[in-house]
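The values are calculated or read from the model by the stated rules, or taken from the named source; none is laboratory data. Here the structure is a predicted model, which means the values were calculated and not measured. Cβ: placed from backbone, ideal geometry, glycine included. Neighbour counts: every protein chain shown.
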4 protein chains.
Amino acid sequence: MTLIDRTSHGVYTIMPTPFHSGGEVDLDSLRRLVDFYEAAGVDGLTVLGQLGEAPKLTHAESVEIVRVVLDRTRLPVVVGVSAPGFGAMRTLTEEVMSLGASGVMIAPPANLRTDDQIVGYYTQAAAALGPGVPIVVQDYPLTFSVVMSVPVLCRIAREVPSVVMLKHEDWPGLEKIGALRAAEEKGELPRLAILCGNGGLFLDFEMRRGADGAMTGYCFPELLLDVVRLAGEKRTEELHDIFDAHLPLIRYEQQPGVGLAVRKHVLRRRGLLASDTQRKPGRSLSAVERDDVDLLLARLARRDSRARL
Amino acid sequence: MTLIDRTSHGVYTIMPTPFHSGGEVDLDSLRRLVDFYEAAGVDGLTVLGQLGEAPKLTHAESVEIVRVVLDRTRLPVVVGVSAPGFGAMRTLTEEVMSLGASGVMIAPPANLRTDDQIVGYYTQAAAALGPGVPIVVQDYPLTFSVVMSVPVLCRIAREVPSVVMLKHEDWPGLEKIGALRAAEEKGELPRLAILCGNGGLFLDFEMRRGADGAMTGYCFPELLLDVVRLAGEKRTEELHDIFDAHLPLIRYEQQPGVGLAVRKHVLRRRGLLASDTQRKPGRSLSAVERDDVDLLLARLARRDSRARL
Amino acid sequence: MTLIDRTSHGVYTIMPTPFHSGGEVDLDSLRRLVDFYEAAGVDGLTVLGQLGEAPKLTHAESVEIVRVVLDRTRLPVVVGVSAPGFGAMRTLTEEVMSLGASGVMIAPPANLRTDDQIVGYYTQAAAALGPGVPIVVQDYPLTFSVVMSVPVLCRIAREVPSVVMLKHEDWPGLEKIGALRAAEEKGELPRLAILCGNGGLFLDFEMRRGADGAMTGYCFPELLLDVVRLAGEKRTEELHDIFDAHLPLIRYEQQPGVGLAVRKHVLRRRGLLASDTQRKPGRSLSAVERDDVDLLLARLARRDSRARL
Amino acid sequence: MTLIDRTSHGVYTIMPTPFHSGGEVDLDSLRRLVDFYEAAGVDGLTVLGQLGEAPKLTHAESVEIVRVVLDRTRLPVVVGVSAPGFGAMRTLTEEVMSLGASGVMIAPPANLRTDDQIVGYYTQAAAALGPGVPIVVQDYPLTFSVVMSVPVLCRIAREVPSVVMLKHEDWPGLEKIGALRAAEEKGELPRLAILCGNGGLFLDFEMRRGADGAMTGYCFPELLLDVVRLAGEKRTEELHDIFDAHLPLIRYEQQPGVGLAVRKHVLRRRGLLASDTQRKPGRSLSAVERDDVDLLLARLARRDSRARL
């Protein structure tokens, strides 16, 4: 078991949860997905996130999914354990860490407003989980309605040692990455690993600001890996060339509410998911949306052969 | 097992969850509370509500609490089953209904905005739980940020037959009760039982508007029972006399965030709870707050001997 | 012209804006109100607040109202100048200060979230208005959705010298007053005058925590004056006796959306307003609500002869 | 004076308000912008919108800006008149309509929640403005926190005859356009002109769903005109080719808070604005952001010669 830490980097894929058309968890597709991501070369996996439909799973299903993923791969696996209370959060955390997870991800509850409330929440969460569990803070105001300023993130990083990683998806967020890295330079902030979300919509520039990689679920992880690699090699034009080829689809997939349906549709077309079913409340693509996505895929395939489905 | 229905009425007490000072559930105090409420003459109990600290309990603890309460009383027991997803909601519902619960209460998730979204949510929830489970809709915009208009409640009542009761705690809400009863008269709304929350802060007038009683946890259920009874007997002046004697404390207890600490403090002083502990995140009364409450209790005791502690 | 400062105290009445039944500003009633409040003995007036229907007035009407009030009284007058932008805020401020206003009150725009955003807003507002204009910060999360923690208020008070007063209406807010006074003791906060709002709902206890008085518009300013005076004389039981007599009406008047209609209704019954009209969007009391209020007034009159209307 | 109506279509540019570096309105740049947009071939102009920094202007400045624009062009001009109250809204509307404006745009206040509240607001606004003033409803939940469902828009369109146009910027919004057009087919909705905002981020697909054009302020109106024209000619591949070339910049410009700084920076580089100054609270691009935008412009220029600056 490897734990994530402040030096973790690369591409961590947010995994969707596959369901059969009747709504049961589809473990075969789950294993196929794990194999696919591992073969693609990702650096880690994240399961039971928001786009993994975690809130729609029972506790037993959540644990089973983590078990199956951990049985299938030696990649580090981060598990989303956000819950309305610390009781359920701790129970799930203990189970998945004992199974071999590498860390947990915690989103803030929507009623947090002031700086003190936010810092207090992560302090209490870390105390509830105990010192040995590395925590990823999910900074996603658009979905969670909680705005974490740079000073708040500095305080969390200083006061809560088990917080080692930021899943960065504030929007806009480019300047924030720069400000966090500057604070780190000045010693106001212990280093945090910063992996970017938002479906990759700004990954081209996020890497230049000092991000360590991506933690998101865009339906072509190959693109995320390319961008991270080309950024490391400072091959800027090639980075933008491949990124821009994918941007029309990235943009389409990043629509709230629609995104997961796009992602499951493409993963099904890629032969990885048996069905694009979401549990309720959820949706599939309409016929017109499927046409849109297929048009985007066809255009993409001309510039990136991996998109020939 | 009796199920709640559209004719249910009277006082349903929202029960707090007793904890030992270390944070474990205190089942002895729980049983003592049940006995106390039953002896006081309440018409039903509600457990695992927001002020029952439900989100801080593990699934196993939640089920255990329901089991202990149902073993102890023949009163109808409503169980809060609000959850981020229908999976966990159904699992808990099946367990507590099979144990003998009389119905479930569901609060809306905070992201619902439009009328269609709200109606759709309760439609899907009812489908997930199945037709035999009576549902209480919790209408509490101050806490849940979801505003249910009278037309929305009419649509829910018409389209979702298993919704039989409204826990009314919109604020302001007096006109709403009147409007709902008027809609019922006009045949736009199948009758709903309307029990009022908000700590009882407007119960004196809510009964006149057509409420069927109270579902709330004010630390003197005796007062709620008095008001409901005197309203039924149309003894208006006596109703207001006893209500007004309690109002300074009701008002103090109704402060968000503070209220549960007041409630547990008084129930401890009444010899019902062994400890006023809340699970994290929670709080106890400060020394000054305890002085405030004790002053209010002393003044109340001069007008209502049941408050002599 | 007297300016408000950090030692201001007592009762500042939030004045409603009187309208004729057709919607025009009723300057005769306005003058009558000013005379009434002055005769009652209040320490100051606040005009163009939220409950003064300020956003429904044109700029010209706003200035005219301030002019008429200032022409009529030598009491200090605070003017609400909240506006979506600093341009309009500065224009109105310059006009009313040159007419003789004693200070201005600024509510935060609803989109502020982080501590830095809130402090930044008041810093910029004070810079826009210039150094000679005393500012009242309005801390009213229930209406404005902006939560100001004690550390934020300390920062504002330290960094923005022209902020001299807090209109305190956080809810719950008793502990906050205590925490602000403790911070002042420790030198973390330059003294602020703290006047309490929320319709007076907690004024009985707020004075004990260290408030300097009330700034609110309860329809019996006599009660607010009593409470402030009795608190100063430490006559606690008499304070609670008179406060508790008014509490049923205070509580009814404090309902969001309904409160102003109650206030205007009572002020009309007291012979001060010619009409209880509100500008759109607004409302009058329904017949049932009028009955409620009249019942409350009749009961109050038995304990406070000033309520015999 | 031409009024907008239900058949209006094409590209209406949201105009930024130019300021000198000291913060005064820059009327020379304003006239230059008008000339530029007219020469580019846009179908109309929209002034005093959210991105026109309308809330930061005094009333006098707002009127002056409208006057200068109307003096300079014969294009139809829509004026944003959103205000916290109907008094100021009517005053501004009367002035700009008498100057020759073609209609007004109204954003919903952030506190609207239920369907009835939203419909009621536009009903009251239209009554306040009078029957001769065509109204554009701005549907932009991300900024205004008000979610307008398709049934709500149908009700507004049916019940408020002066509402003739929808500025569509819900997100996601593609299905909504389709649903509105389907409702129109079924006779549930009088035809509305639908112009799309969101900086153009989905304009490629919005046109296919039945939009009538764009009302947004992307710094290359030429692109918006191309997309609308190519959509009309059903030249899908060319449409996507030119759109995709601009998408990296569109995406960068569409970041909340950053977008206007990008827009003003590019318009300054295009020689249209003398300064990229925003009034407070506002911002300019950081050095790194300027580098980002310049890189995007350089890459764009290779595919669209109009971007060679």
**Prompt:** Only one of D:HIS9, D:HIS59, D:HIS20 is touching a His at 6+ places or on another chain (Cβ under 8 Å) and not polar (S, T, N, Q); which?
**Reply:** D:HIS59
**Item:** Residue match in region B:23-30 (condition: assigned to a helix (DSSP H, G or I) and either within 23 Å of B:ARG191 (Cβ to Cβ) or among the charged types (D, E, K, R) (or both))
**Value:** yes
**Fill in**
Expected single match for more than 22 Å from D:TYR37 (Cα to Cα), more than 10 Å from chain A (Cβ to nearest Cβ), at pLDDT 95 or above and out of contact with any Leu (no Cβ under 9 Å at 6 or more places or on another chain) among D:ARG290, D:ARG268 is D:ARG290
**Asked** Looking at region B:60-82, which of the residues that are part of a helix (DSSP H, G or I) and crowded, with 20+ Cβ neighbours inside 10 Å is nearest to the other protein chains (Cβ to nearest Cβ)?
**Response** B:SER62
**Fill in**
For region D:49-81, the count of residues that are closer than 18 Å to C:GLY87 by Cβ and either in contact (Cβ under 8 Å) with a residue 24 or more places away in the chain or more than 18 Å from the chain's Cα centre (by Cα) (or both) equals 22
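Does region B:295-303 contain any residue that is within 19 Å of the chain's Cα centre (by Cα), without any contact (Cβ under 8 Å) to a residue 40 or more places away in the chain, facing chain C (nearest Cβ under 10 Å) and surrounded by 16 or more Cβ atoms within 10 Å (Cβ to Cβ)? Don't jump to the end; show me each part of the working.
In the first step, residues of region B:295-303 are kept if they are within 19 Å of the chain's Cα centre (by Cα); the result is none.
No; the residues of region B:295-303 include none that is within 19 Å of the chain's Cα centre (by Cα), without any contact (Cβ under 8 Å) to a residue 40 or more places away in the chain, facing chain C (nearest Cβ under 10 Å) and surrounded by 16 or more Cβ atoms within 10 Å (Cβ to Cβ).
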**Prompt:** Taking the condition among the hydrophobic types (A, V, I, L, M, F, W, C), within 23 Å of B:GLY87 (Cα to Cα) and over 18 Å from the mean Cα position of the chain (by Cα), does A:VAL152 pass?
**Reply:** no
**Message:** I'm trying to understand the selection: among the residues of region A:136-161, which are hydroxyl-bearing (Ser, Thr, Tyr), within 12 Å of chain C (Cβ to nearest Cβ) and either surrounded by fewer than 17 Cβ atoms within 10 Å (Cβ to Cβ) or touching an Asp or Glu at 6+ places or on another chain (Cβ under 7 Å) (or both)?
**Reply:** A:SER149
**Request:** Evaluate region A:51-59: report whether one residue or more is assigned to a helix (DSSP H, G or I) and surrounded by fewer than 18 Cβ atoms within 10 Å (Cβ to Cβ).
**Result:** no
**Message:** What are the pairs with Cβ atoms under 6 angstrom where one residue, in region D:111-128, is more than 10 Å from chain B (Cβ to nearest Cβ) and the other, located anywhere, is of a type in the set (Ser, Thr, Tyr)? Sequence gap at least six, or different chains.
**Reply:** D:ALA126/D:SER162
**Message:** Please determine whether any residue of region A:143-150 is in contact with a Leu (Cβ under 6 Å, 6 or more places away or on another chain), hydrophobic (A, V, I, L, M, F, W, C) and more than 28 Å from C:VAL147 (Cβ to Cβ).
**Reply:** no
**Request:** Identify the single condition in (1) modelled with pLDDT of 95 or more; (2) closer than 27 Å to D:GLU175 by Cβ; (3) touching a Ser or Thr at 6+ places or on another chain (Cβ under 8 Å); (4) not β-branched (Val, Ile, Thr) that A:LEU201 does not satisfy, given that it satisfies every other one.
**Result:** (3)
**Fill in**
Only one of (1) buried (at least 18 other Cβ atoms within 10 Å of the Cβ); (2) over 26 Å from C:VAL150 (Cβ atoms) does not apply to A:PHE86, and that is (2)
**Asked** Would you pick out the residues in region A:266-294 that are β-branched (Val, Ile, Thr), in a helix (DSSP H, G or I) and touching a residue at least 40 places away in the same chain (Cβ under 8 Å)?
**Response** A:VAL266, A:VAL293
**Request:** Return the total of residues in region C:228-243 being buried (at least 20 other Cβ atoms within 10 Å of the Cβ) and either assigned to a loop (DSSP other than H, G, I, E, B) or within 10 Å of chain B (Cβ to nearest Cβ) (or both).
**Result:** 1
**Fill in**
Of B:GLY22, B:GLY44, B:GLY52, the only residue that is of a type in the set (Gly, Ala, Ser) and either at positive phi or away from chain A (no Cβ under 14 Å) (or both) is B:GLY44
**Fill in**
Here the residues within region D:83-112 that are at pLDDT below 95, assigned to a loop (DSSP other than H, G, I, E, B) and out of contact with any Ser or Thr (no Cβ under 7 Å at 6 or more places or on another chain) are D:ALA83, D:PRO84, D:GLY85, D:PRO109, D:ASN111, D:LEU112
**Asked** Is it the case that some residue within region B:172-187 is more than 14 Å from chain C (Cβ to nearest Cβ) and touching a strand residue (DSSP E or B) at 6+ places or on another chain (Cβ under 6 Å)?
**Response** no
**Asked** What are the residues in region D:271-287 that are more than 14 Å from chain C (Cβ to nearest Cβ) and at pLDDT below 95, if any?
**Response** D:SER284
**Prompt:** In region B:201-216, which residues are small (Gly, Ala, Ser), more than 20 Å from B:VAL79 (Cα to Cα) and surrounded by 24 or more Cβ atoms within 10 Å (Cβ to Cβ)?
**Reply:** B:ALA211
**Fill in**
Note on region D:82-110: residues free of Cβ contacts under 8 Å to residues at least 40 places away in the same chain, among the β-branched types (Val, Ile, Thr) and touching a helix residue (DSSP H, G or I) at 6+ places or on another chain (Cβ under 6 Å) are D:VAL96, D:VAL104, D:ILE106
**Prompt:** In region D:244-265, how many are part of a helix (DSSP H, G or I), at the interface with another protein chain (Cβ under 10 Å from one of its Cβ atoms), under 20 Å from the mean Cα position of the chain (by Cα) and aliphatic (A, V, I, L, M)?
**Reply:** 2
**Asked** So which pairs qualify, if the first residue must be in region A:208-237 and farther than 23 Å from A:SER305 by Cα, the second must be in a helix (DSSP H, G or I), the Cβ gap must be under 6 Å, and the two must be at least 6 apart or on different chains?
**Response** A:ARG209/A:LEU174; A:ARG209/A:ILE177; A:ARG209/A:GLY178; A:GLY210/A:ILE177; A:GLY210/A:ARG181; A:ALA211/A:ILE177; A:GLY213/A:VAL228
